[in-house]
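Notes for the one structure printed next.
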Amino acid sequence: MRATPRLTALLLAAFSAPLAAQVINIDFDESAISPVFSGLAAAPDPSGTAAVWNQMYGSGNAVLVASGLRNSADEVTGVGISLGINGSYTSTAGQQENGGASLVYQNLMADYVFLSAPTNLEVMTQYGAITGLDPLKLYDIYLYAQGNNFSGQYSDGQNALITINGVSKQTSWDGVIGGNGLLAEGIEYVRFSVLPDPTGRVDFSYANVVAGVNATTDLDGMSSRFAAINAIQIVDVAAVPEPAVTMLGAIGLLALLRRRRP
C-alpha cells in the first residue's frame with residue numbers, strides 16, 4: 001500500500017499530537033486559614049474559572065512537602081513537591097499585584113512563603129523539587145514570585161531569581177503600587193519549559209536579587225534580602241512519544257486502512 005500525503009498526515013496527527021494539557025496549581029499561603037485561590041491565573045487551563053488549587057503553608061525555617069497533588073479538575077495525581085522556606089507572610093491589599101482595584105488576584109499574590117538573607121547585600125538560596133512527573137512529557141512550569149513592598153531599606157520580597165536546569169529568570173515589578181491588574185511573564189511570574197529527568201523529577205531554586213552579585217540590577221533600583229514564592233503552576237503541554245509505541249501504532253493504523261480499502 002502506497003503512503004499518500006493524506007495518510008502521512010493522519011499518521012502524524014494520530015501519533016505525534018500532544019495530549020490534552022493537565023494543570024496542577026499550588027497556592028502558597030501563610031497558614032491553613034488563609035483563603036485559597038481558585039480559577040484562572042496566567043497558565044491556560046481546560047478547567048477554566050472552576051480550576052482547583054492545592055494549598056501549602058508553613059512558618060519559620062522549614063521544608064514544605066506535599067504528595068498526591070490534585071489537578072485543576074480536582075483529581076488526585078502522583079505529583080508531589082518540596083520547597084525550602086524561611087517563613088511565610090500575608091500582606092494587606094494594595095501592596096503588590098492583587099489584580100488592581102478589583103483585587104482579582106488577592107488570594108493568589110497577597111500571601112506567600114519566602115526566604116530571607118541576613119542583609120540585602122548577601123544572597124540566600126532555597127531549593128525545591130517537583131516529583132512524580134512523566135519523563136516523556138514536556139512541562140511548562142509557572143513560578144509566581146512577588147512580595148509586598150517595593151521601597152524602603154530592604155525592598156522587601158519584591159522579586160526573585162529562579163533557576164531550573166542552569167537557566168535563571170527574574171521576576172520584577174510593573175511600577176504601579178498595588179499592581180496594574182495583570183499577570184505578566186517576567187513581572188509577576190516566570191515560565192520554564194522543561195523535560196523531567198528519567199525519574200520524573202524537576203529541581204529548581206530561588207534566591208533574593210542582589211544587584212551586581214546574582215543579577216545585573218533589581219528593577220526598582222534596590223537589592224532585596226527577601227524572595228517570595230506565591231504560587232506554582234505545572235502544565236503538561238505535550239507528550240514525547242516512545243518510538244516503539246509510535247511504530248506499533250502506525251503499523252496498526254496502516255493495517256486498519258488497508259482492510260477498509262475497497
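Read the figures in this text as sums done on the coordinates, not as results from a lab. This one's a predicted model, so the numbers in the text were calculated from it and none came from an experiment. Every residue, glycine as well, gets a Cβ built from its backbone with ideal geometry; the counts of neighbours run over all protein chains shown.
Before moving on, here are some points about what is shown:
- Translational D in µm²/s for segment 33-137 (Stokes-Einstein at 4 °C, 1.567 mPa s, Kirkwood Rh from C-alpha pairs): 83
- With the simple spin-label model, which puts each label point 7 Å out from Cα in the Cβ direction, the Glu75 to Ile177 separation comes to 4.7 nm.
- Full-extension gain in nm, Asn214 to Ser168, via 0.36 nm per residue minus C-alpha separation: 15.6 nm
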